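Following: one structure in structure tokens, then a few remarks.
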Amino acid sequence: MRSQWNDAEDGALQGLTAEAQVIYLRGFRRYMDYASGVAGGPVRKLSYRALAELIAVDPDWGSQRKRADTPTVGRVRARVAELERAGLLVNHGSSRSRGLVFKLPLADSGLLRPEKEQHKEQHREQHEEQHSAKVVNLPKSLEFEPVEQGGSNTGNNAGSDTGNNTHLYNSTPLHSTGAGGREAEAWPDAFQPQSPMEWGSFLGRERHWAYHRVARPRLIAVYQCWTQWALSIGDMRQIMASAEANLGRIPDGPEYYKSFAESYARERDRLNQQPRNQHQRGAHDSVAQDQQRRSKRDERAAVQRQLTDPDYALERW
């Protein structure tokens, strides 16, 4: 997705806070409908929480600086109000059900796509028309076929080259996040990934994320925790659905699922521990009741013996 802004917008953004500029460009302008000039609504629902994620700051890997807290909703409201005062946003029917809906009066609207993309498309069509007579369609017999794993490299030079470039056809778990990986069969809910590579491969296929988003160094520890908690693919799908319902959209990376996965694992363990505690408590109560019944039975037997056996009564008197 491409987005661009004009000189009028650039001039209105000048002098505003950095957070307000990021919210306008990455929040509203990026997801604006070019036909109507409106951002938000049923096509792309926006919320203050989603905008807060855009201005959250994550320290670099290895930095000793702690991650800053996610900006509050009130702070984001203040930045949106700042954009309204600058004439960049106009409320266009925002509500609790529809989310944030704002019109961008200074943006170029009335287009299906940005003018730059239309120009590229026209240039591409003209280029194809000029060289259409020179296009040669190869027969299907020359199409490349995937190389079987473990096969020999015998044959001509083409077969040898194909065998030496098996990474083009046989993708590794983390690199299978492209179109080929998305067409593969869905992971079963009962499967439990046992390595960070498997978690990254699942997230890349499930949410169509690029490799660099699911293979960040700080995510390795998160994946290891998920493995220790014995989370299955079905558990993670439920966690992702809950997190995305709270955010109102698919997050920008797997980091957003971290707190939801931790809460899910803690609640699951607590619920699994309750029947065990009740069973142990019931066994302890039954032992105590048996001992109490036994003591009463022995007491009644002693009294009965004292009444019937004079010698026993004199010895215990």
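The values are calculated or read from the model by the stated rules, or taken from the named source; none is laboratory data. Note that the structure is a prediction, hence the values are computed from the model and not measured. Note: ideal-geometry Cβ built from the backbone for every residue, glycine included; neighbour counts use all protein chains shown.
Results, tabulated for the structure shown:
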quantity	calculated
Of all residues in the stretch 13-65 being in a loop (DSSP other than H, G, I, E, B) and of a type in the set (D, E, K, R), the one that is farthest from G253 (Cα to Cα)	R65
Subset tally (residues that are touching a residue at least 12 places away in the same chain (Cβ under 8 Å) and more than 14 Å from P251 (Cβ to Cβ)) for the stretch 211-228	10
Residue within the stretch 232-246 that is at pLDDT 85 or above, β-branched (V, I, T) and part of a helix (DSSP H, G or I) present	yes
Residue in the stretch 73-85 that is in a loop (DSSP other than H, G, I, E, B) and of a type outside the set (S, T, N, Q) present	no
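For every residue, the table says whether it meets (1) more than 23 Å from A190 (Cα to Cα); (2) assigned by TED's automatic domain parsing to the domain that holds V73; (3) at pLDDT below 80.
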| site | (1), (2), (3) |
| --- | --- |
| P217 | yes, no, no |
| I250 | yes, no, no |
| Y257 | no, no, no |
| A261 | no, no, no |
| Q280 | yes, no, yes |
| D290 | yes, no, yes |
| D311 | yes, no, yes |
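Matching residues to (1) in contact with a His (Cβ under 6 Å, 6 or more places away or on another chain); (2) of a type outside the set (G, A, S); (3) at pLDDT below 60; (4) buried (at least 16 other Cβ atoms within 10 Å of the Cβ):
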| site | (1), (2), (3), (4) |
| --- | --- |
| A186 | no, no, no, no |
| P193 | no, yes, no, yes |
| W199 | no, yes, no, yes |
| C225 | no, yes, no, no |
